[in-house]
Ligand code: ATP
């Protein structure tokens with residue numbers, strides 16, 4: 001069986017991007033592969049050093065993962081900081097990562113711009129920690145959204161560098177999405193992607209109330225429609241169609257494609273169908289996640305079971321790593 005690894009940072013509420021980029025794949029992959037899915041709490045410290053809300057957020061991400069269909073009896077669902085071996089491998093990989101390549105990483109440059117007062121070394125070495133998370137389980141498939149493409153390329157480089165310098169231990173990890181291309185769920189304001197910690201009115205969360213979903217979709221950037229038949233769509237309109245494709249039927253999508261092409265489209269109508277279908281999808285997940293979140297004993301059991309499984313896999317890899325590096329002195 002191939003090994004799968006991925007994670008989500010506990011930096012806030014999960015949103016449609018997390019679902020379509022990551023979670024939707026997790027739920028399908030758990031029946032086919034050996035899966036490790038984590039709440040990436042160490043990664044969240046790079047940009048969210050205040051830990052007051054961390055516990056709440058960890059519980060939230062776990063609950064939302066389970067509410068979306070992730071089954072802790074099938075996949076290991078755990079907290080990154082519970083697997084101490086991650087930190088050891090991260091240290092070794094840091095010696096194989098060059099500062100130049102880390103400084104060129106797009107997410108580093110973005111986050112450094114967003115948090116100019118806290119450009120810490122952890123932020124710079126984020127891709128190294130991520131590579132450690134993945135190869136610690138010798139995973140080859142990594143279900144992620146499009147924003148993670150460059151990080152996966154770096155994880156491959158670090159794994160290959162280790163293999164060449166020491167011994168062939170790690171398979172090459174690759175970003176994965178059922179279907180083919182990696183997904184990017186766009187933000188409703190036409191700027192960038194939906195995201196947990198930025199742009200909250202332009203991101204639809206799995207915890208949003210029906211009213212809030214309606215409010216956000218109503219506010220989504222649009223215009224008065226095309227004036228020339230069969231014209232190209234501006235990016236922000238392309239985004240609305242992309243969302244329609246994710247939530248609504250093929251028939252609905254085709255109806256609005258034709259209306260766009262003959263210039264009769266009314267974005268008010270499109271949006272109403274979009275929010276109706278979004279609400280139908282989100283509201284059961286929201287309710288389920290709320291009830292799971294209240295069951296702290298169950299969440300503890302999930303975390304303990306997940307950590308035990310992840311640590312067993314991590315310990316097996318780390319014995320190979322120490323052996324390959326010559327760190328065995330007895
Ligand atoms: P933050 O705003 O704190 O950086 P985020 O929303 O970008 O958070 P992450 O925890 O960094 O989320 O990513 C979790 C997973 O969700 C990753 O696999 C990532 O690729 C995916 N993901 C995040 N946003 C989107 C999006 N808009 N479209 C598709 N996939 C996404």
Margin query: For segment 108-155, which positions are assigned to a helix (DSSP H, G or I), closer than 25 Å to residue 320 by Cα and either modelled with pLDDT under 95 or within 15 Å of the ligand (Cβ to nearest atom) (or both)?
Written below: 126, 127, 129, 130, 131, 133, 134, 151, 152, 153, 154, 155
Margin query: Against the definition (surrounded by fewer than 21 Cβ atoms within 10 Å (Cβ to Cβ) and within 12 Å of the chain's Cα centre (by Cα)), how does residue 9 come out, yes or no?
Written below: no
Notebook entry, point to check: Quick one: residue 26 ticks every box in (1) touching a residue at least 60 places away in the same chain (Cβ under 8 Å); (2) away from the ligand (no atom under 12 Å from the Cβ) bar one, so which box is it?
Noted result: (2)
Next item on the list: Can you tell me which residue among 105, 11, 86 is within 10 Å of the ligand (Cβ to nearest atom) and either touching a strand residue (DSSP E or B) at 6+ places or on another chain (Cβ under 7 Å) or in contact (Cβ under 8 Å) with a residue 40 or more places away in the chain (or both)?
Entry: 11
Item checked: Filter pass, residue 104 being in the same structural domain as residue 28 (by TED's automatic domain parsing) and surrounded by fewer than 14 Cβ atoms within 10 Å (Cβ to Cβ) -> yes
Check: In the set 190, 179, which member is within 15 Å of the ligand (Cβ to nearest atom), modelled with pLDDT under 95 and surrounded by fewer than 17 Cβ atoms within 10 Å (Cβ to Cβ)?
Finding: 179
Checklist line | Pick from segment 193-217, criterion part of a loop (DSSP other than H, G, I, E, B) and in contact with a helix residue (DSSP H, G or I) (Cβ under 6 Å, 6 or more places away or on another chain), ranking: nearest to the ligand (Cβ to nearest atom) | finding: 194
Next item on the list: Test residue 62 against the stated conditions and say whether it is more than 16 Å from residue 139 (Cα to Cα), in contact with a strand residue (DSSP E or B) (Cβ under 9 Å, 6 or more places away or on another chain), within 16 Å of the ligand (Cβ to nearest atom) and in contact (Cβ under 8 Å) with a residue 60 or more places away in the chain.
Entry: yes
Note to self: Being modelled with pLDDT of 95 or more and either surrounded by 14 or more Cβ atoms within 10 Å (Cβ to Cβ) or in contact with a helix residue (DSSP H, G or I) (Cβ under 6 Å, 6 or more places away or on another chain) (or both) is the requirement here; does residue 297 meet it?
What the structure shows: no
Notebook entry, point to check: Going by the structure shown, is residue 252 more than 16 Å from the ligand (Cβ to nearest atom) and part of a helix (DSSP H, G or I)?
Noted result: yes
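The values are calculated or read from the model by the stated rules, or taken from the named source; none is laboratory data. This is a predicted model, so every value here is computed, not measured. Note that each Cβ is placed from the backbone with ideal geometry, even for glycine, and that neighbours are counted across all protein chains shown.
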